[in-house]
1. If a residue has to be buried (at least 17 other Cβ atoms within 10 Å of the Cβ) and in contact (Cβ under 8 Å) with a residue 40 or more places away in the chain to count, how many in region 139-152 make the cut?
2. Could you please find all residues in region 177-194 being touching a residue at least 40 places away in the same chain (Cβ under 8 Å) and farther than 14 Å from GLY111 by Cβ?
3. Exactly one condition in (1) more than 20 Å from ARG37 (Cβ to Cβ); (2) open to solvent by less than 10 Å² (accessible area, probe 1.4 Å) is false for ILE72; which is it?
4. Scan ARG25, ARG45 and give me the residue that is surrounded by 22 or more Cβ atoms within 10 Å (Cβ to Cβ), free of Cβ contacts under 8 Å to residues at least 40 places away in the same chain and assigned to a helix (DSSP H, G or I).
5. Within region 155-170, track down each residue that is open to solvent by 20 Å² or more (accessible area, probe 1.4 Å) and closer than 21 Å to ALA80 by Cβ.
6. Can you find, within region 172-190, the residue that is farthest from TYR121 (Cα to Cα) among those that are in a loop (DSSP other than H, G, I, E, B) and open to solvent by 40 Å² or more (accessible area, probe 1.4 Å)?
7. If you go through region 5-17 one residue at a time, do you hit one that is among the charged types (D, E, K, R), open to solvent by 60 Å² or more (accessible area, probe 1.4 Å) and modelled with pLDDT of 90 or more?
8. Does ALA206 satisfy the criteria of being surrounded by 12 or more Cβ atoms within 10 Å (Cβ to Cβ) and touching an Asp or Glu at 6+ places or on another chain (Cβ under 8 Å)?
Amino acid sequence: MSTAEQTAGGEAEPWGEVTPDAARRLLVAAVEAFAERGYHATTTRDIAGRAGMSPAALYIHYKTKEELLHRISRIGHDKALDILRTAAGGEGSPAERLADAVSSFVRWHAGRRTTARVVQYELDALGPEARAEILALRRQVDAEVRGIIEDGVAAGEFDVADVQGTTLAVLSLCIDVARWFNIEGPRTPDEVGALYADLVLRMVGARRPSGRG
């Protein structure tokens, strides 16, 4: 089902890859509950109640609460990785690709902030096997951004002494948007994305590409 689901804070969150409808409703309810109360303080009864279902109905689709968190984390990280891969593989100079990567990544963390908070900050609640899977995805996310920065250094566009440390700083800056962004605040996700792209280009010693608004 491809219908967007409203999550906490008024976000339109598509979960088209989750079927059937009951499984999708439970997953959306879990996102809301985990973001609001934290994983450990949320019970399966809380999740089922938010979805308008009985606790027993949850176990038809998810064996455990952790399975729900794992599914949310996997989908969220896959989306984040796809965003960065698209930008990294695009046409243009390293500066243009880095600006695209940062602005798109920030827009996702602002526009999907409820999901992003769960995806980024509940990793330690996962068991060893699921956690290892998500950490592997995070290493791929890191590699996409690091690759763009390395390209910029090699091309003489960026002045970066520590590529790995700068990559960590860039990703941390983007991810933290999910923690503080308020849809009722003075900036839109697009505006925050543009601001952060400019900040990151300054961080790596590059000039912002011309023609970017």
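The values are calculated or read from the model by the stated rules, or taken from the named source; none is laboratory data. Keep in mind that this is a model prediction, so the values were computed, not measured. Note that we place each Cβ from the backbone using ideal geometry, even for glycine, and neighbour counts take in every protein chain shown. These accessible areas exclude ligands, DNA and RNA; they are computed on the full protein's heavy atoms, side chains included. Shrake-Rupley method; radii C 1.70, N 1.55, O 1.52, S 1.80 Å.
1. Of the residues in region 139-152, 8 are buried (at least 17 other Cβ atoms within 10 Å of the Cβ) and in contact (Cβ under 8 Å) with a residue 40 or more places away in the chain.
2. Passing the criteria: only ARG179.
3. All conditions are met except number (1).
4. Selected residue: ARG25, the only one of ARG25, ARG45 that is surrounded by 22 or more Cβ atoms within 10 Å (Cβ to Cβ), free of Cβ contacts under 8 Å to residues at least 40 places away in the same chain and assigned to a helix (DSSP H, G or I).
5. Across region 155-170, the qualifying residues are VAL163, GLN164, GLY165, THR166, LEU168, ALA169.
6. Result: PRO186.
7. Looking for residues that are among the charged types (D, E, K, R), open to solvent by 60 Å² or more (accessible area, probe 1.4 Å) and modelled with pLDDT of 90 or more, one finds none in region 5-17, hence no.
8. Judged against the criteria, ALA206 is a match.
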